[in-house]
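Here's the structure we're looking at; comments come further down.
The values are calculated or read from the model by the stated rules, or taken from the named source; none is laboratory data. Only a predicted model underlies this, so the values are computations on that prediction, with no experimental measurement involved. Cβ atoms come from the backbone with ideal geometry, glycine included; neighbour counts cover every protein chain shown. Ligands, DNA and RNA are excluded from the accessible area calculation, which covers all protein heavy atoms including side chains. Shrake-Rupley method; radii C 1.70, N 1.55, O 1.52, S 1.80 Å.
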Amino acid sequence: MAIDLYLVWAVRVRRDVALAVLVSVAANVAGVLTAESLVSVDTWVSAGLHAVFPLTLWRMHRPVTAEAPVVAEPAKAPPVPAESLPARWPDADLWADFEDSAPDTEPVTPPSAEDVRTVVAELGGQATGAQLARHYGVSDRTGRRYLAMTA
């Protein structure tokens, strides 16, 4: 644990990084080699995998040498003079357009199960959800729901 903490510290402060990485790799590999048989392939694969952590940590925290791209600031609009602003906002007639307006679309009432069965019979008895969707002018998902109503 102390070696891993030393590695993290070294990488963050960018001091003794090479030494910390080498010590961490050596400690991780030695830990595996002392616990397993040296003639086993699994031992060497495991030792290699244990060496990956310190190297990955070092690569993740390397300083970035490329500079960040320069982003141009948007041009600021000149302030609007106070005398050009309306005396009262919003104007009283602003909301008059919305008083008597109807909803954008009428609510759609789904067909009854009997209506859907009738359409399925007209389509030859083997209708799909996509066919029902085209017939009713709805999405395929809604067409599949209508088809499920007939079951």
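Figures for the structure shown
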| quantity | calculated |
| --- | --- |
| Nearest-10 value in Å² for the accessible area of Asp140, using the 1.4 Å probe | 80 |
| Table column - 3J(HN,Hα) (Hz), the stretch 116-126, Karplus curve with 6.51, -1.76, 1.60, x for Gly and Pro | 5, 4, 5, 5, 4, 5, 5, 7, x, x, 10 |
| For the stretch 130-136, Karplus couplings with θ = phi - 60° (6.51, -1.76, 1.60), whole Hz, Gly/Pro x | 5, 5, 5, 4, 5, 5, 8 |
| Simple spin-label estimate for Ser112 and Phe53 in nanometres, 7 Å along Cα-Cβ | 7.0 |
| Segment Ser40-Arg12, length gained on full extension (0.36 nm per residue, minus Cα span) | 6.4 nm |
